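Here, each number is a calculation from the coordinates, and none is a lab measurement. Please read all numbers here as calculations on a predicted model, not as lab measurements. With ideal geometry, Cβ positions are generated from the backbone for all residues, glycine too; neighbour counts draw on all protein chains shown.
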Amino acid sequence: MRAIVQLTAQHVHEAVGQAPTGTSSRGASSMGASSPGTVAQLRAQVERVQGRRLDAPVLPVHPALASLLPGGGLRPGSAYSLPRSTSVLLALLAQPSQAGSWCGVIGMPRLGAEAAEGLGVDLSRLVLIPDPGARWLAVTSTVAEVLPVVAVRPSGRAADGEISRLAARLRDRGAVLLVQGPWPQAEAVIEVGEPTWEGVGRGHGYLSGREVTLTSSSRRWPRSRRARVMLPDAAGHVSAAPERMRPVEALPAESAESFPQLIRAVG
């Protein structure tokens, strides 16, 4: 097993930084709608306000999870609301860590390194802060200054002003925040349900995998999206659940006779 970095809250100090300041708005009527520079000017203005490029590439995720996220990955500068499922969290951290992104996990003392590695997380790029204490939000904000992906399980309620400052810091640094629990203005909200286990017979058998339904809702979509995934599969990894064909039931004889005859002889 590769090395893993574990910190305490005392090792994390609040960094001094300024949130990106907004720019004064301009009336749309002052720019020609057909001018080639209009779109570029509007785009630059929105990017200054949001603190990130609109076409910035997303961090990769496993293909089985890509359809659940706007843009097919984790968008820098955004926050995501997750269920309190360690498997879902680790599945989202796996590809970014493998692609070279350092990941921090805050406030999850029971997260196992072996389980993380089994789901594909690169432990050499994983930082654990098991107990941030009451200042979990300040610790999260500090870690977001230096790590591109930060996951946290809040231990209490945060004030709206503190959440807004953290959101500004995420946009400024281009960091991704994964929150186990509800979070305002989340890019996407993921929920897990309908679990079924593979390998169980009638009172016997070995568990070989768990199949769950992941549901994602986002303000960018008119309706929620669903994906059936193995979490974990027989190899201990995440994968798309195999499509299962439902058996076709034969119609009873009396039902078949009740259908009208659609063929007639012409002559």
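Hey, for a label at Ser67 modelled as a point 7 Å past Cα toward Cβ, could you say which residues of region 81-110 have their backbone N under 19 Å away?
Counting only backbone N, you get 88, 91-92.
Suppose we keep just the alpha-carbon trace of region 112-153; what are its Rg and Dmax in angstrom?
11.4, 31
Taking the C-alpha atoms of region 105-245, how large are the radius of gyration and the largest Cα-Cα span, Dmax, in Å?
Rg then Dmax for region 105-245, in Å: 17.8, 55.
Return, for the Cα atoms of region 63-112, the radius of gyration and Dmax in Å, separated by a comma.
My reading of the Cα-based Rg and Dmax gives 11.3, 32 Å.
Sorted by packing (mean other beta-carbon atoms within 10 Å per residue), highest first, where do 228-239, 132-143 land?
Values: 228-239: 18.4, 132-143: 20.6.
Per-residue Cβ counts within 10 Å, averaged per peptide and sorted highest first, yield 132-143, 228-239.
Quick check on packing: order 70-77, 106-113, 90-97 by the mean number of other C-beta atoms within 10 Å, highest mean leading. Please report the intermediate quantities before stating the final value.
Numbers: 70-77: 19.4, 106-113: 16.0, 90-97: 24.5.
Peptide ranking by packing, descending: 90-97, 70-77, 106-113.
What distance in nm lies between label points placed 7 Å from Cα along the C-beta direction at Arg226 and Gln185?
Going from the Arg226 label point to the Gln185 one covers 3.2 nm.
When the Debye formula is applied to the Cα atoms of region 144-197, each taken as the same point scatterer, what base-10 log of I(q)/I(0) results at q = 0.26 Å⁻¹?
Taking Cα atoms of region 144-197 as identical point scatterers yields -1.21.
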